[in-house]
2 protein chains.
Amino acid sequence: MKKLINRPQDVVAESLRGFALAHSGKVRVDHDLATVYRAERPLLGTVGLVSGGGSGHEPLHAGFVGHGMLSAACCGQVFTSPVPDQVVAATQQVDAGAGVLHLVKNYTGDVMNFEMAAEIVADTADIEVATVVLDDDVAVQDSTWTAGRRGTGATVFAEKLAGAAAEEGRPLAEVAAIARHVNENARSMGMAIAPSTVPTAGKPNFTLGEDEMELGVGIHGEPGRATVPYAPAADIARQLAEPVLADLPFAGGDRALVLLNGMGATPLIELYLMYGEVAAILAGHGIEVVRPLVGNYITSLDMAGCSLTVLRADDELLRLWDAPVETPALRWGR
Amino acid sequence: MKKLINRPQDVVAESLRGFALAHSGKVRVDHDLATVYRAERPLLGTVGLVSGGGSGHEPLHAGFVGHGMLSAACCGQVFTSPVPDQVVAATQQVDAGAGVLHLVKNYTGDVMNFEMAAEIVADTADIEVATVVLDDDVAVQDSTWTAGRRGTGATVFAEKLAGAAAEEGRPLAEVAAIARHVNENARSMGMAIAPSTVPTAGKPNFTLGEDEMELGVGIHGEPGRATVPYAPAADIARQLAEPVLADLPFAGGDRALVLLNGMGATPLIELYLMYGEVAAILAGHGIEVVRPLVGNYITSLDMAGCSLTVLRADDELLRLWDAPVETPALRWGR
């Protein structure tokens, strides 16, 4: 295993150290609890947004902390849920009197630890907490890491759109409803041509033959639907788009926000090419992509591959999407 | 070779197709000449900025076309210089009466073709052209692809800072002087732990043993100073920073803009960790990083590794850096 790291067990702490230095003035990092906050204090009377999960998916979640998006991100060890203490502290820190929304990707450990944190907060503090669990990945019903579907790319949309609603001063129930609406109207599917390697494991977390790819792979490299023959980009796009479109189902005339996401080790030249293929398929179905996003947003360490997320848009979601955002990884309009 | 592509010879055209769709409204792509322009017309009386080079370094250069940065980017085939026709057309298109600056990375083919284009423009059109060649890479004096030093990370700084000056309406000589000043005050060094693969070649462009890394590697995977033992991030940071700092030389009390750049297949978690190591070394030398930039900005297809660029800053460069920019890959303040 070759990586730009020191001791494998220090990767998350040391990466957060660099992250804090790279974005000082914008974010504040509690290094003891591996939690990232906005540098600026929350506006009184606005809903706080807390997310988090295992590290290794950067820029998710820490890269989405800032104006118009998350209030805090709790960083677990690589591919390991954050512990309840982190979530409790973050919830208390970001509460500005209007309650706190927990955005949780559907992985057993994450759901359990966020739930436990919400119970502790309910028992010990006068903070209203709502929770929305994201489970947009159509690849598999249950998996190594989940009961039910996994949460993937829709998380990026939920964090942005609920974050914009919170910034407008809307009440907790409405902010949560937007995140839930995003999850209900978004579907994802991923694939990999090469595995990632967890630093402390030191070896790839799955194997693929020279002519194979993993279809429906999870963001921890967990198995997808099948190991299938490696195929040209146009075929890969079809193998991702068809199950995504069929699942909601999306229909001709739908407008969509689309994320063509890199898994970490796939360069932009390939992601743009894949986006071109996906856009052609969506156009063929009469679906209008009104806001495309192409790049590395929810990754799996150094896995090579991509995922597709399609979110059915309406005027309100578009307005929230266009609202100013200023985070390390997404920034516009401010 | 597994990549998210169709036919290897179509990669650049197809990637540009997706790029155009992903950023429609912001950029306009001349697909016949593989050249990217801003969607908005240039402001009369402002200097145009044209850059370009081989593809495979995304987001450079196409991702830097937009308000406050480039006017146009001419995309060559992978690791292949753009042809003079592309540069001539771009120069004519972006001229708004104040002349055009060519920003050229120092590679033999690029320098020659931009020079030829400038001569054609001088013979056929009444457009003043100035050229600044970037050669910031301290790794090697001459290389497979260059006479003299190679142009790498300083290009990102030059495009942003000269772009900001052009946006202010400053004359060609001043805009060129800023790019030249950037080049004179910036130094870079890169390294790789895994090679890239040119699609049409189909096999890695160099080989490294399980315990080796390439120090001073170029952005085409061309040899650097030496193949050396793979080392922890702290050592790698030292091996990059020392030759960079010694070369200008930088001195205690200097302020700096720093780019910790990924080569394409290295995930953010590692780049932030590396940035932390580099920042510690710079602090140890009394150098204050006033603007850090961490991420994939000038890549080498799917090469794994990173590069460090340090630019000695002054008040004017900082002001120009902070000026609004709105491009696919860099965006703030507008």
Practice task
Assess whether residue B:71 counts as being within 18 Å of the chain's Cα centre (by Cα), away from every other protein chain (no Cβ under 14 Å), open to solvent by 20 Å² or more (accessible area, probe 1.4 Å) and of a type in the set (Ser, Thr, Tyr).
Solution key: no
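Answer yes if at least one residue in segment B:260-270 is at positive phi and at pLDDT 95 or above, and no otherwise. If you could, list the steps in order and put the result at the bottom.
So in segment B:260-270, the residues at positive phi come out as B:264.
Next, only the ones that are at pLDDT 95 or above stay: B:264.
Yes, the conditions are met somewhere in segment B:260-270.
Name the single residue, out of those in segment B:299-330 being of a type in the set (Val, Ile, Thr) and away from chain A (no Cβ under 11 Å), that is surrounded by the most Cβ atoms within 10 Å (Cβ to Cβ).
Narrowing segment B:299-330 to residues of a type in the set (Val, Ile, Thr): B:299, B:309-310, B:325, B:327.
From the residues that got through so far, the ones that are away from chain A (no Cβ under 11 Å) too are B:309-310, B:327.
Numbers: B:309: 28, B:310: 31, B:327: 24.
It comes out as B:310.
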Practice task
Looking for whichever is touching a Lys or Arg at 6+ places or on another chain (Cβ under 7 Å) and open to solvent by 10 Å² or more (accessible area, probe 1.4 Å) here; the options are B:20, B:13, B:39, B:34. Which one fits?
Solution key: B:39
Completion exercise
Note on residue B:5: of the conditions (1) closer than 19 Å to residue B:300 by Cβ; (2) more than 9 Å from chain A (Cβ to nearest Cβ), unmet is (2)
Exercise for the section: May I ask you to verify whether residue B:47 is surrounded by fewer than 23 Cβ atoms within 10 Å (Cβ to Cβ) and hydrophobic (A, V, I, L, M, F, W, C)? Expected result: no
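Hey, does segment B:230-239 have a residue that's facing chain A (nearest Cβ under 7 Å) and free of Cβ contacts under 8 Å to residues at least 24 places away in the same chain?
In the first step, residues of segment B:230-239 are kept if they are facing chain A (nearest Cβ under 7 Å); the result is B:230, B:232-234, B:236.
After this cut, where a residue has to be free of Cβ contacts under 8 Å to residues at least 24 places away in the same chain as well, the list is B:232.
Yes, because at least one residue in segment B:230-239 is facing chain A (nearest Cβ under 7 Å) and free of Cβ contacts under 8 Å to residues at least 24 places away in the same chain.
Taking the conditions exactly as written (open to solvent by 40 Å² or more (accessible area, probe 1.4 Å), over 23 Å from residue A:291 (Cα atoms), more than 14 Å from every other protein chain (Cβ to nearest Cβ) and among the polar types (S, T, N, Q)), does residue B:92 satisfy them or not?
Details: open to solvent by 40 Å² or more (accessible area, probe 1.4 Å): yes; over 23 Å from residue A:291 (Cα atoms): yes; more than 14 Å from every other protein chain (Cβ to nearest Cβ): yes; among the polar types (S, T, N, Q): yes.
When the stated conditions are applied, residue B:92 passes them.
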Completion exercise
Taking segment B:34-57 and the residues there that are β-branched (Val, Ile, Thr) and assigned to a strand (DSSP E or B), the one that is nearest to the chain's Cα centre (by Cα) would be B:50
Exercise for the section: Assess whether residue B:222 counts as being under 29 Å from residue B:319 (Cβ atoms), touching a residue at least 12 places away in the same chain (Cβ under 8 Å) and either basic (Lys, Arg) or more than 14 Å from every other protein chain (Cβ to nearest Cβ) (or both). Expected result: no
Handout entry: Residue list for segment B:296-334, restricted to those being out of contact with any Lys or Arg (no Cβ under 8 Å at 6 or more places or on another chain) and under 18 Å from residue B:234 (Cα atoms)
Key = B:305, B:306, B:307, B:308
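Rundown of residues vs (1) open to solvent by less than 60 Å² (accessible area, probe 1.4 Å); (2) at pLDDT 95 or above; (3) out of contact with any Cys (no Cβ under 7 Å at 6 or more places or on another chain), yes/no style:
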position: A:218; (1), (2), (3): yes, no, yes
position: A:238; (1), (2), (3): no, yes, yes
position: A:244; (1), (2), (3): yes, yes, yes
position: A:255; (1), (2), (3): no, yes, yes
Practice task
Could you list all residues from segment A:150-177 that are among the small types (Gly, Ala, Ser) and either in the same structural domain as residue A:223 (by TED's automatic domain parsing) or within 8 Å of the chain's Cα centre (by Cα) (or both)?
Solution key: A:151, A:153, A:154
Problem - Output for segment B:95-120, where each listed residue is buried (at least 20 other Cβ atoms within 10 Å of the Cβ) and of a type in the set (Asp, Glu) - result: B:95, B:110
Exercise for the section: Please work out if residue A:281 is crowded, with 23+ Cβ neighbours inside 10 Å and either out of contact with any strand residue (DSSP E or B) (no Cβ under 6 Å at 6 or more places or on another chain) or more than 8 Å from chain B (Cβ to nearest Cβ) (or both). Expected result: no
Practice task
Working only within segment B:34-54, note down all residues that are of a type outside the set (Val, Ile, Thr), modelled with pLDDT of 95 or more and in contact with an Asp or Glu (Cβ under 9 Å, 6 or more places away or on another chain).
Solution key: B:37, B:48, B:49, B:51, B:52, B:53, B:54
Practice task
For segment A:240-278, enumerate the residues that are away from chain B (no Cβ under 12 Å), within 20 Å of the chain's Cα centre (by Cα) and assigned to a loop (DSSP other than H, G, I, E, B).
Solution key: A:248
Practice task
Specify the residue that is surrounded by the fewest Cβ atoms within 10 Å (Cβ to Cβ); the eligible residues are those in segment A:74-89 that are among the small types (Gly, Ala, Ser) and more than 25 Å from residue A:44 (Cα to Cα).
Solution key: A:76
Exercise for the section: Name the single residue, out of those in segment B:183-216 being free of Cβ contacts under 8 Å to residues at least 60 places away in the same chain and within 11 Å of chain A (Cβ to nearest Cβ), that is surrounded by the most Cβ atoms within 10 Å (Cβ to Cβ). Expected result: B:208
Handout entry: Every pair of residues 6+ apart whose Cβ atoms lie under 8 Å, when the first sits in segment A:105-128 and is among the charged types (D, E, K, R) while the second is crowded, with 22+ Cβ neighbours inside 10 Å and part of a helix (DSSP H, G or I)
Key = A:105/A:155
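Can you tell me which residue is farthest from residue A:71 (Cα to Cα) among those in segment A:126-140 that are of a type outside the set (S, T, N, Q) and open to solvent by 30 Å² or more (accessible area, probe 1.4 Å)?
Here is the first cut: in segment A:126-140, the residues of a type outside the set (S, T, N, Q) are A:126-130, A:132-140.
Imposing the further condition that a residue be open to solvent by 30 Å² or more (accessible area, probe 1.4 Å) reduces the set to A:126, A:128-129, A:133, A:135.
Details: A:126: 18, A:128: 15, A:129: 14, A:133: 17, A:135: 22 Å.
Checked segment A:126-140; the qualifying residue farthest from residue A:71 (Cα to Cα) is A:135.
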Practice task
Output the number of residues of segment B:113-149 satisfying the condition of being among the hydrophobic types (A, V, I, L, M, F, W, C) and either within 17 Å of the chain's Cα centre (by Cα) or within 15 Å of residue B:298 (Cβ to Cβ) (or both).
Solution key: 7
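The values are calculated or read from the model by the stated rules, or taken from the named source; none is laboratory data. Since the model is a prediction, treat every value here as computed from it, not as a measurement. Using ideal geometry, Cβ is built from the backbone for each residue, glycine included, and neighbour counts are taken over all protein chains shown. We work out accessible area using only protein heavy atoms, side chains counted, and drop any ligands, DNA or RNA first. Shrake-Rupley method; radii C 1.70, N 1.55, O 1.52, S 1.80 Å.
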